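This report refers to the structure that appears directly beneath it.
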Amino acid sequence: MANITNVELSAATPSKKPRTDDPPVKNKALNAALAASTKANPPRPKEIHRLDYAPLRYKVTKVSLDFNLFERRTVVESILTVEKIDTPDSVTTAEDAKEAKNDVEDGLYLDGDEGVVALNELSVDGCDTLVLGVDYILKPGKLIIKAETLRRGACNNPDGNMIVRSSVEIVPEDNTQLSGLYKDGSMYCSQCEAEGFRRITYYPDRPDNMATFEKVRIEADADSFPVLLSNGNLNEEGEVKGSEGKRKFAIWHDPFPKPSYLFALVAGDLGSIEGTFTTMSGREVILRFYSEHKNAGKLNYALESLKRAMKWDEETFGLEYDLDLFNVVAVESFNMGAMENKSLNVFNTSCVLTDPVTSTDAEYFRVEGIIGHEYFHNWTGNRVTCRDWFQLTLKEGLTVFRDQQFSGQINNCAAITRIQNVLIVRGSQFQEDDGPMSHPIRPNSYIAMDNFYTSTVYRKGAEVVRMYETILGTEGFRKGMDCYFLRHDGCAVTCDDFLAAMADANGVDLSQFARWYSTSGTPVVTYSSTFNQEKGLYQLTLSQSSRSEEPLLIPVAVGLLDKETGREVTPTRVLQLRESVQTFDFADLKGDVVPSILRNFSAPVKIVHASGLVDESYLAFLATWDTDGFNRWDSAQSLYAAAILKVINHEAHDASLDRVLKTFGQTLKDVGISDDSIRAFTLTLPSESTLSKAVNIIDPPAILKARNYVKQRIARTFKYDLQLAYKRLTAAIDADGVTFKVDGASVGRRRLRNVYLGYLCTICETGEEQKESATLATEHFNAATGMTDKLAAFSILASMSGEGSIAREAAVEKFYKDANSDPLVLNKWFSVQADANLPDVLDRVKKLASSHPDFSLRNPNRCRALITTFAMNAAAFHDEEGRGYEFLGDMLEQIDKINSKVAARTTASCLIGWKKYSETRATLMKKQLQRLKDMPNVSNDLLEIVTKGLE
Ligand code: BES
Ligand code: ZN
């Protein structure tokens, strides 16, 4: 390194490489004073606004990184090639101009977290020793190299290049945030999205700086870290000559320019499996999956899923993989599910490992979907990325849509997949829209970006992409996608660019549709209709209300059924609702009709009749006759909900309950239903959380009680049929043999049999009944050949009391023993107990949290399994005295110090919805929010949520 400013620094110079046994460098880092002052006096959190976006004035075009991994000390050297962007009026909006004015310094802005990155050396080729305050500036989170310094460097260099070099030190072992470079057990791994790269080194850590990572060199102890991975292709690998102790290096090169958030590094002693995929143009790609040695046998399903995803993307969108190598690494400690780093995806073990004995069907399905998701990002996210983080839905909404289509299509289960996804939109997304964190899919501001990986950005974002497809048709959508890639490959773009590609490729004006990007809240569509017998004319009037000042463009898919026969007389038509109120004509009808509206959930809206009333006979009609699988299921759900709500509100409910029983009985016996999964979903009552959306003030124990009451009534009415159906399915499963299969038919049978089991076991009022259901569940538990059945039985047993208590405790013990320390099974063990319906569940959870040797707040999976699951166990969490809230507050206080991103997420999903609860509960919930807000050193992540939560 040419210029060293501060010290006789020799530790990181090529002549004398640091060694494991070297004493830690004692010299003060260049940013040490800043680090001390920001630690003593944390800067006030800053709100970032979308409209303040200003393009880069200096851009890093090429990067070379050198990682030297030692125990408790990692040295990162970087060489950045910097280019001046010559766009004098790159400032485009009034807000940009304002920002530019505030921006006193013209120069290269590098982000770096001085709290974790110690800057030891900094130089610019062609310049003398850089002087702080003269040649460069250090501010909280930033290092600015002045324009004048860069110019000086350029004119002193033979080729006129601007080269910035730095050497920093980090301690991955101390990184409990799991953002940046950290240790997961004995392996190193990284997580850079959204702003983790600045916790590794100083760099323009924003997605619009796409650079080629020319060379990433990793060096580490050869015995402990034989596998050294980064993005792109492996250029060279070998032993470090002349090193003391056996050290190994690897050099990676990624030919595709990428933003820093897609950078990844992994080093460890890992097992792996390998496969290949030949792309449509005939290139052979090596697919390699890594994990701890003991888990390498659980990677096969993910590998096969990846091949299916690669094929599907070629067939559906003509998108081919672009490198010769695709790596996936499984890590135990991970904040999210998985991450799409270019050619080096990193997965939470819970989202990639499968095993016939320890994984449920739902987990197999999830692994496949998330493998697809991260793979699909290679085009929607990596090749074309986001200009700034406000555009996150550009890659996430689109990629969620793609993974949903993939999952539904390759498993031939489009209806079931749709039902599951709509449940999530209506559950978590509508809830978010209804609370203090409500925001448009393209938010306008944030304090901590990590708080905006929300259900709105993801799930509603995916619904918005789906609406393009509904409006433009499959072919039109494909044309739009082709145009998007043709225009923007290799670029960092905006949601507006995506919309423009869709519009231009189809020659349509989508300016009205653009309002979906800026409108928060859930729109409501109201309908009413008339029928003119003489003219055979049916008129459907739709009106909309939303937080948008101008009306949205809402695609409403409608079909008509004959009122007499129930037959479909008008197949699905997509109505484009563009006005506040609009009437649509259906002519040439022979008789009166019943409308099936918002088929397949064609828009993320609530739909209500103009009267505001729920017409149960209408729902019963659709539940029987609708040809749209989604709406048939949905109508049955609404019918069940109507009855349960009447029970909650102490209204007369006999007629409603009769309808429920009739619909349930029909569904149970309908020979026309050939898909067991469909039958299972249609026989399942709406969840407590779904029901809570339909009441004014949520009283969780009352909802649980009412739901159980209706469930029991159903179970008692159909006890005999349910027993028979259960036995029949058991026989069918037995006859199918012992080989574990996860095809649609096998999954469907298990799903349905477990629904039957659930009903049969709710009959447990008397001691005799309690014994009977405990026996049945225990048999199911013991006979289970896979985790789906075992977990279903365990969940039921975990809530048993009275005469069922012994069976419950036996199951808790056996499940733990069978887990045999497998972390993913232990997570299930913790979460089933946290989710139990028992009067003393809080005490049990407290005990597990405080004294169980397998519990730890440090591992996000384990923390979520116990703490988040408990907070989602509404009846238990919302204890009237606030003991549940207080416990959560205690935990969050500790979690925030370890991992603020996990703390913020848990708070956002569990504690900020107090407005929906009674005053007593609301007050107690707010008390905990206030307590967290007042906590000394509360993180910015958590502070943003609690502040919004208290508003
Ligand atoms: N890019 C995200 C992962 C991510 C988000 C990492 C935020 C760090 C911060 C990834 O593509 C993703 O969306 N993962 C989802 C799963 C997916 C199937 C929706 C996740 O991790 O939950
Ligand atoms: Zn994603």
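Points worth noting:
- Test for residue 374: is it within 13 Å of ligand 2 (Cβ to nearest atom), in contact with a strand residue (DSSP E or B) (Cβ under 9 Å, 6 or more places away or on another chain), in contact (Cβ under 8 Å) with a residue 24 or more places away in the chain and among the charged types (D, E, K, R): yes
- Only one entry in 399, 380, 358 is more than 16 Å from ligand 2 (Cβ to nearest atom) and under 30 Å from residue 744 (Cβ atoms), namely 358.
- Of the residues making up the stretch 182-202, those that are within 16 Å of ligand 1 (Cβ to nearest atom) and among the hydrophobic types (A, V, I, L, M, F, W, C) are 189, 192, 194, 197, 200.
- Qualifying positions in the stretch 426-470 - part of a loop (DSSP other than H, G, I, E, B) and of a type in the set (D, E, K, R): 434, 442
- Filter pass, residue 433 being more than 30 Å from residue 676 (Cα to Cα), away from ligand 2 (no atom under 15 Å from the Cβ) and at pLDDT 95 or above: yes
- Every pair of residues 6+ apart whose Cβ atoms lie under 8 Å, when the first sits in the stretch 845-872 and is under 14 Å from residue 905 (Cα atoms) while the second is of a type in the set (Phe, Trp, Tyr) and modelled with pLDDT under 95: none
- Residue in the stretch 355-367 that is free of Cβ contacts under 8 Å to residues at least 60 places away in the same chain, crowded, with 24+ Cβ neighbours inside 10 Å, under 19 Å from the mean Cα position of the chain (by Cα) and within 11 Å of ligand 1 (Cβ to nearest atom) present: no
- Considering residues of the stretch 185-207 that are touching a Gly at 6+ places or on another chain (Cβ under 6 Å) and part of a loop (DSSP other than H, G, I, E, B) only, the residue surrounded by the fewest Cβ atoms within 10 Å (Cβ to Cβ): 196
- All conditions in (1) part of a helix (DSSP H, G or I); (2) surrounded by 16 or more Cβ atoms within 10 Å (Cβ to Cβ); (3) in contact (Cβ under 8 Å) with a residue 24 or more places away in the chain hold for residue 482, with the sole exception of (2).
- Taking first residues from the stretch 265-283 that are among the hydrophobic types (A, V, I, L, M, F, W, C) and partners that are part of a strand (DSSP E or B) and loosely packed, with under 14 Cβ neighbours inside 10 Å, the Cβ contacts under 9 Å between residues at least 6 apart in sequence or on separate chains come to 277/284; 277/286.
- Any chance residue 815 is within 20 Å of residue 870 (Cβ to Cβ), aromatic (Phe, Trp, Tyr), crowded, with 19+ Cβ neighbours inside 10 Å and outside the structural domain of residue 862 (by TED's automatic domain parsing): yes
- The stretch 155-184 - residue that is buried (at least 20 other Cβ atoms within 10 Å of the Cβ) and within 19 Å of residue 56 (Cα to Cα) and, of those, nearest to the chain's Cα centre (by Cα): 164
- Of all the residues in the stretch 208-231, those that are small (Gly, Ala, Ser) and either crowded, with 22+ Cβ neighbours inside 10 Å or within 21 Å of the chain's Cα centre (by Cα) (or both) number 3.
- Lone qualifier among 341, 345 - being touching a helix residue (DSSP H, G or I) at 6+ places or on another chain (Cβ under 9 Å) and either in the same structural domain as residue 399 (by TED's automatic domain parsing) or within 11 Å of ligand 2 (Cβ to nearest atom) (or both): 345
- Subset of the stretch 300-353 (residues that are without any contact (Cβ under 8 Å) to a residue 24 or more places away in the chain and either within 14 Å of ligand 1 (Cβ to nearest atom) or not in a helix (DSSP H, G or I) (or both)): 351
- For the stretch 370-384, the condition holds for no residue, the condition being that it is in a helix (DSSP H, G or I), more than 11 Å from ligand 1 (Cβ to nearest atom) and modelled with pLDDT of 95 or more.
- Options 411, 421: the member that is over 22 Å from residue 330 (Cβ atoms), surrounded by fewer than 23 Cβ atoms within 10 Å (Cβ to Cβ), within 13 Å of ligand 1 (Cβ to nearest atom) and among the polar types (S, T, N, Q): 421
- Complete set of residues in the stretch 361-371 that are small (Gly, Ala, Ser) and more than 15 Å from ligand 2 (Cβ to nearest atom): 362
- Residue in the stretch 387-398 that is within 13 Å of ligand 1 (Cβ to nearest atom), over 13 Å from the mean Cα position of the chain (by Cα), within 19 Å of residue 304 (Cα to Cα) and not assigned by TED's automatic domain parsing to the domain that holds residue 950 present: no
- Flag if residue 788 is outside the structural domain of residue 844 (by TED's automatic domain parsing), closer than 25 Å to residue 679 by Cβ and of a type in the set (S, T, N, Q): yes
- Filter pass, residue 393 being among the β-branched types (Val, Ile, Thr), under 19 Å from residue 478 (Cβ atoms), buried (at least 24 other Cβ atoms within 10 Å of the Cβ) and within 11 Å of ligand 2 (Cβ to nearest atom): no
- Condition met for residue 548 (without any contact (Cβ under 8 Å) to a residue 40 or more places away in the chain, of a type in the set (S, T, N, Q) and crowded, with 16+ Cβ neighbours inside 10 Å): yes
- Residue 470 being in contact with a strand residue (DSSP E or B) (Cβ under 9 Å, 6 or more places away or on another chain), hydroxyl-bearing (Ser, Thr, Tyr) and within 25 Å of residue 322 (Cα to Cα): no
The values are calculated or read from the model by the stated rules, or taken from the named source; none is laboratory data. This is a predicted model, so every value here is computed, not measured. Every residue, glycine as well, gets a Cβ built from its backbone with ideal geometry; the counts of neighbours run over all protein chains shown.
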